[in-house]
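Read through the structure below, which is laid out as C-alpha cells, and then see the notes.
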Amino acid sequence: MEREEWKQAAESRRQEELDAKKQGKFFFGSSSAYVNIYEEGKPQTKKKVAMSDVVRANPAEQDGMGDMTGLTFLEEATMLHNMRFRFARDNIYSNISKVICATNPYQWLEIYSEETMGKYRGARVESMPPHIFGTAERAYRALMRGKNQSMICCGESGSGKTESTKLLMRYLATANKGVAQEDKSDHTVQAKVLKANPILESFGNASTLMNNNSSRFAKFTKLYFDENHCLVSADIVTYLLEKSRVVNAPKGTRCYHSFYLLFNIPDKYKQDIKTDLHLSDKKMSDFAYIKNNIQIGKIDDAQFCLEMLDGMSTLGFPNEDRDTILRAQSGILHLGNIAPFEKKGYEPTTDLKTACELLGVKPEGMIHALTTKEIVTKSDTILKPRDPADFVANRDTMSKALYHGLFDLIVVTSTGLSSKVKLNQANGLVCWTCSDLSILNTTPSSSFALTSAMRNCNNSSTIISLCPSKKSTKRKGFNGRP
Ligand SMILES: Nc1ncnc2c1ncn2[C@@H]1O[C@H](COP(=O)(O)OP(=O)(O)OP(=O)(O)O)[C@@H](O)[C@H]1O
Ligand SMILES: [Mg+2]
C-alpha cells in the first residue's frame, strides 16, 4: 500500500474509532480476527475467528495505559491494541518501562513546543505522560549521575526514526537550562549540532515509495557533555550509504535530494556562489541520473536547499569548500551524461569536458580512466583497454565512488565544525572530564528483534530503546588510557 493510501486508511480508522468512542462502543476495526493457538506455551498456528467469539485479554480499564508493563497480559497483540487505543486519542507515545514506542501521526501535533520541553526538564519522568522528551530527560539525568547512555531508534522505513532522533537531539542540545536561556544564537555548539541535520539529510536522504525523506544511511551520533552537563561536541559516524541510488534510483523513487537542490538555489545565495555550476541553461530532465521521477515525493526542494545552505553557513563551511561541493555534484551529473565511447580517435564531448572542469581533472585523464583497466600484479601493473560494453558500468562506478567520497567529506566537515573542541585521539589533547550519549538511527533493514515486532504496526512505529552503555562511566582524557 502506498504511503498516501496508508495515511488515508489510518485516518479513516482513526475517525471510525473516535465515532465509536462517542457512541460508547468499542471499536475493533474488523468483524473477524486472527488468534494464535498456543501449544506448550508457544504460538503454533493462527486461526481466523469471528470477533464475537473473541474475549478480551486485558480488562477494559487497562486500555490506553501509558506504561504497558502495567498490562496484565503484555504481548504483541495487547501491545498493539493499547497503542492503537492511545493513538486514537492523539497519544502517540507509549512506554514499556525504559523503551518508548512512537506511532507516527503523519501530522505535527502541538506536543513539541518549548513549553512542553520545559515540563519535562528536571521532572520525575515516571509520573509524566510518555513522551520522547521524557526519554531524553531520563537519559540526560542518568548522564548527570555519571552513566554514559545509548539509545537505539529502530523501525520500518517512514516510521519516524529520523524525526525522533532530531527531537531527542533538540531536547538534549538544550538540556542544560542555563545554556538554553543564555544564548540562542546560531554560533553555539548546540545550534551547530542541530544545523548539521539538514546538510546530512540533503546528501543522504531521498524520496522513496515509503517515505519522501528516507535516510539512505544509518547514523551513529555521539554527543559529548562537559562536567557542567553542557553539550560541547558531537561525533557523527555514518554507515551503509546506498550508493546505487546515485546512478539508478529504483522506479517510483528519486535520486538523493542534493542533486535536485542544485536547481533550486535560493536568490539569497545565488550572488554568493561565485563558481559556475554549468547548470544555468540546463533542466533536471537533461541529466540521465535524475531525469526520471522528478515529480516524486512532495519535498520542497527550494526550502530544503535554503536550510542546507543556511546550515553550511551556520556551521562555518568556508565558501570555497561549499562551492567545491556544489561543483562536484554538478560534475557527477555531467559525468552521467557521457555517452559510451572507444578510446581510439575519441573527441571529448561537451559533457565530458564540463564534467572534467567541474571535478578538476584533465579530459585525457578521464578518458584514460574510463577506457583503461589497471591490473596490479606482484611485480607489475598491466594496463588493458576496457571492453566498450563495460563503459557505462565503469562510468557509474566512478560516479558512485565520487558521491560516497563527497558524503564522507560532508560528514567529517559537519562533525568537525559543530564541535567546540576537537577530540584528538592521536595525542590526547582533551583534558577535561566528558560523558557521552550515543544515538543510533538504524536503517530499516537492520535486524533488531524489536523491528520485527513493529512490522505489524503498518510501518508506523518507532521504538527507542534506552539502555545505559556498558562502557566506563566517565571519560578521563582521550589518549587511549582509562
Ligand atoms: N513525531 C512525528 N510527528 C509528526 N510527523 C512525523 C513524526 N515522525 C515522523 N513524522 C512524519 O513521517 C515522515 C517519515 O519520518 P522519518 O523520516 O523520521 O522516518 P524514518 O523512520 O527515518 O524512515 P527511513 O527509514 O525511511 O529513513 C516524516 O517526514 C514526517 O512527515
Ligand atoms: Mg530516516
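Where a number appears in this text, it was derived from the coordinates with a stated rule and is not lab data. Computed from a predicted structure; not experimentally measured. Every residue, glycine as well, gets a Cβ built from its backbone with ideal geometry; the counts of neighbours run over all protein chains shown.
A few remarks follow.
- Model label zone, V376; criterion: amide N under 15 Å from point 7 Å along Cα-to-beta-carbon; scope segment 228-250: none
- Formal net charge of residues neighbouring I111 (Cβ-Cβ distance under 14 Å; K, R +1; D, E -1): -1
- Near the amide H of K282, within less than 5 Å, lie no amide hydrogens of residues on another chain or at least 5 residues away, with H placed in the peptide plane.
- Scattering curve values for segment 284-401, log₁₀ I(q)/I(0), Debye with Cα scatterers, q = 0.09, 0.18, 0.20 Å⁻¹: -0.35, -1.02, -1.14
- As a rough footprinting exposure proxy, the listed residues H81, H131, H404 were ranked by other beta carbons within 10 Å of their own, and the order from fewest upward is H404, H81, H131.
- Exposure proxy for V392, V376: other Cβ atoms within 10 Å of each Cβ, ordered fewest to most, give V376, V392.
- Förster-model FRET efficiency, 41 Å R0, D226 and I273, C-beta, rounded to 0.05: 0.65
- Footprinting exposure proxy for H257, H278, H334 (fewest neighbouring C-beta atoms within 10 Å first): H278, H257, H334
- Cleavage-rule hits, trypsin sites (Lys or Arg not before Pro), segment 107-154, DSSP coil, Cβ neighbours within 10 Å at most 12: R124, R145
- Measuring against 19 Å, Cα to Cα, the residue pairs K243/K274; K291/K353; K98/K161; K192/K274; K46/K98; K270/K291 contain K243/K274; K291/K353; K192/K274; K46/K98; K270/K291 as the ones spanning a longer distance.
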